[in-house]
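First up is the structure itself, then whatever we jot down about it.
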Amino acid sequence: MEKNVAKTKAWKKLASHYRSIKDVEMRDLFASDPKRGEKYNISLETLYLDYSKNRFNDQTMQYLLDLAKDADLHNKIEAMFTGEKINTTENRAVLHTALRNRQSTPVYVDGKDVMPQINAVLAKMKKFTDAVRYGDFLGYTGKKLTNIVNIGIGGSNLGPVMATAALKEYWAKDIKCYFISNIDGSACEDVLSQIDPETTLFVVVSKTFTTIETLTNAKTCRKWLVDALGEYAVSKHFVAVSTNAKEVSKFGINVDNMFEFWDFVGGRYSMWSAVGLSIALAVGMENFEKMLDGAYEMDNHFRNTPFSVNIPVILGLLSVWYNNFFGFHCHGVIPYDQDLRYLPSYLQQLFMESNGKSVNNSNKFVKYDTGEILFGGAGTDAQHSFFQLLHQGTQIVPLDLIVPAISHNEMGEHHEILVANALAQGEAMMKGKTVGEAAEELAKAGKSAEEVSMLKRYKTFRGNRPTNTIILKKVDPYTLGMLVAMYEHKAFVEGVIWRINSFDQMGVELGKKLALNILPELRGEQTKEHDSSTSHLIDLIRKIRK
Ligand code: F6P
């Protein structure tokens, strides 16, 4: 039985410490310690974290580290890396870290080392991606396969979407990647209208191979291909990535064309496995492996570095600090890099599916908040949409500002302007502008006393809004691997502190099941008892569709 975290000594100390620090202004913390910016940062190879613009002092950090110790974080990390079945509700090990265990040191699940099978799939991926990229594996009519269409949803889509976009600069010149995830027919139509069946390879990605969206989309694409090239073309244009060989073969894909992964890899942690096949097809296996190397670097840092200088640990603890003590329940991720624009959507699943839980590891409903609502968008676009609320709204949203120092497209002054904006947001969020400063500025700009009095509050920024600044040398495969692994481990730290299982996702089941009930009714096949609103909506939509 695990202790209720809210009843631990460390938690109680934080609760009382919070009362003494909640009104402390970060601008005062910076004024009283001119070296604060140099003190609170950690660098790891090509990634640098500045966490000085957060609402904490040394005492806070000590209490947070005590909280981690109390949660037995060190042993929990070891349990994950060594293949213990920490996904207790599904009785599974959690071994995305084994997928990038670049030294291949043995990792045992049920007494069996999983590394040989992981390495065998990596070798199979290399052989296949090389064959496609160099034109040895051709389409049915003998043409090179240059359109890669990933069909999958959730963890079988978001990783490939995010990473292929992030690594666009590394794509083979003649390869184009497309993604079909949503069940909306328009998603299929959008892609199919752009491609030629003779040069298209469909990669159907589904851990379970039972997901209705993916199977429906795959069936539509299969029909489209068969209509154009005939049934025999399927084996040259369809491959599958799954843990379920039986369903893959039932679907009509030869299991020789199946890339395996395993129950110990969760969907949202799977882009390091064969789920990343479309990433590897686009950027080549060498670059895919560099991404694994970067993640491995972060894994080793997370596993072996003292918590006081451990990037994912610090980030996770700060999130708990804000969520549970300040009541800041949202977290924004703002990559100042166009190629990282899908990172917030990827992280949305990672954090919200992992930690959106209400029952703790002792099978009790929790009495404290878990999870964080994650959103974001690429800077500077995001500045021109939701930053008004972040600067002047009543809700405080801690942010991660992710800033590559070097751009892949150093065009004129574009990159300097971009970086200047990123750093300015962090400064503005922290410092803000007092009513007095706003009034002074207005007076200096020549406004009358009346105008100053009318405008000064509207021009005030309360500040004291936390940001982490994450500087990347450049968005390359290695650094991307580090960045994504950093967030995976941050989510892990939060889950350990909250005493929840971050690795199941039972919350997505109810809606899926009810949809299957409603489907026959929309077809007019049968009627069932619903609440009056749902029944009325079913009738209305049937009438409109007639
Ligand atoms: O949305 C729930 C979920 O189970 C995710 O966790 C997963 O990433 C996604 O569906 C897709 O599942 P599958 O890979 O089995 O098709």
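For a straight C-alpha distance cut-off of 25 angstrom, the lysines reachable from LYS444 (same-chain residues fewer than eight places away being disregarded) are LYS431, LYS433, LYS456, LYS459.
Hey, with R₀ at 41 Å, roughly what FRET efficiency would ILE544 and ASP381 work out to, going by the Cβ-Cβ distance, to 0.05? Before the final figure, lay out the partial values.
Working: r = 36 Å, r/R0 = 0.87.
FRET efficiency, ILE544 to ASP381: 0.70.
If packing is taken as the average number of other Cβ atoms within 10 Å across a peptide's residues, how do 476-488, 435-447, 380-392 rank, most packed first? Walk me through the intermediate numbers first.
Working: 476-488: 23.6, 435-447: 13.6, 380-392: 15.3.
Averaged packing, sorted descending, gives the order 476-488, 380-392, 435-447.
Exposure proxy ranking for ARG222, ARG268, ARG102, based on other Cβ atoms within 10 angstrom of each Cβ and starting from the fewest, stands as ARG102, ARG222, ARG268. In this structure, the amide hydrogen of VAL241, modeled 1.01 Å from its nitrogen in the peptide plane, lies closer than 5 angstrom to those of VAL204, VAL205, SER206, PHE259, counting only residues at least 5 positions away or on a different chain. Working from the Cα coordinates of the range 98-289, the gyration tensor eigenvalues give, after taking √(5λ), semi-axes of 26, 18, 16 Å in decreasing order. Ranked by the mean number of other Cβ atoms within 10 Å of their residues, highest first, the peptides 65-71, 494-500 fall in the order 494-500, 65-71. Each residue of the range 134-150 is assigned a 3J(HN,Hα), and the resulting list reads 9, x, 8, 9, 10, x, 4, 9, x, 8, 5, 8, 10, 9, 9, 10, 8 Hz, derived from the Karplus form 6.51 cos²θ - 1.76 cosθ + 1.60 (θ = phi - 60°), x at Gly and Pro.
Amide H contacts of VAL109 (H built 1.01 Å from N, in plane; Pro and chain starts excluded): VAL114 sit under 5 Å, all sequence-distant by 5 or more or on other chains. Straight-distance candidates among the aspartates and glutamates for linking to LYS53, with alpha-carbon spacing under 14 Å and chain neighbours fewer than 8 residues away dropped: GLU25, ASP28, ASP33, GLU38, ASP400, GLU427.
The translational diffusion coefficient of the range 44-99, from Stokes-Einstein at 37 °C and 0.692 mPa s with a Kirkwood hydrodynamic radius over alpha carbon pairs, comes to 235 µm²/s.
In this structure the amide hydrogen of ILE396, modeled in the peptide plane, comes within under 5 Å of no amide hydrogen from residues 5 or more places off or on another chain. Per-residue packing, averaged as other Cβ atoms within 10 Å, sorts the ranges 524-536, 460-472, 18-30, 271-283 into the order 271-283, 460-472, 18-30, 524-536, beginning with the highest. For the range 57-64, the Karplus equation 6.51 cos²θ - 1.76 cosθ + 1.60, evaluated at θ = phi - 60°, returns couplings of 10, 4, 5, 4, 4, 4, 5, 5 Hz by residue, with Gly and Pro reported as x. Taking max minus min of the alpha-carbon positions on each principal axis, the chain gives extents of 79, 59, 59 Å, largest first. Could you pull out the pairs from LYS176/LYS236; LYS76/LYS474; LYS168/LYS473; LYS76/LYS364; LYS207/LYS364; LYS250/LYS546 whose alpha carbons sit more than 26 Å apart here? Over 26 Å Cα-Cα: LYS76/LYS474; LYS207/LYS364; LYS250/LYS546. With θ taken as phi - 60° and the Karplus curve 6.51 cos²θ - 1.76 cosθ + 1.60 applied, the whole-hertz 3J(HN,Hα) list for the range 243-260 is 9, 10, 4, 4, 5, 4, 6, 4, 6, x, 9, 4, 5, 5, 9, 10, 9, 8 Hz, x standing for glycine and proline.
Semi-axis lengths, largest first, of the ellipsoid equivalent to the range 372-487 are 33, 17, 10 Å, with √(5λ) applied to each eigenvalue of the Cα gyration tensor.
Counting only DSSP beta bridges with both residues in the chain, tell me the antiparallel percent, nearest 5.
Values: 14 of 45 bridges.
DSSP beta bridges in the chain are roughly 30 percent antiparallel.
Projecting the Cα atoms of LEU158, LEU99, LEU44 onto the charge dipole of the range 38-173 (Cβ charges, centred on the Cα centre) puts LEU158 farthest toward the positive pole.
Bear in mind these aren't lab numbers, they're just calculated from the coordinates by the rules spelled out. Predicted, not measured: the structure shown is a model, and the values here were computed from it. We place every Cβ from the backbone using ideal geometry, glycine too, and count neighbours over all the protein chains shown.
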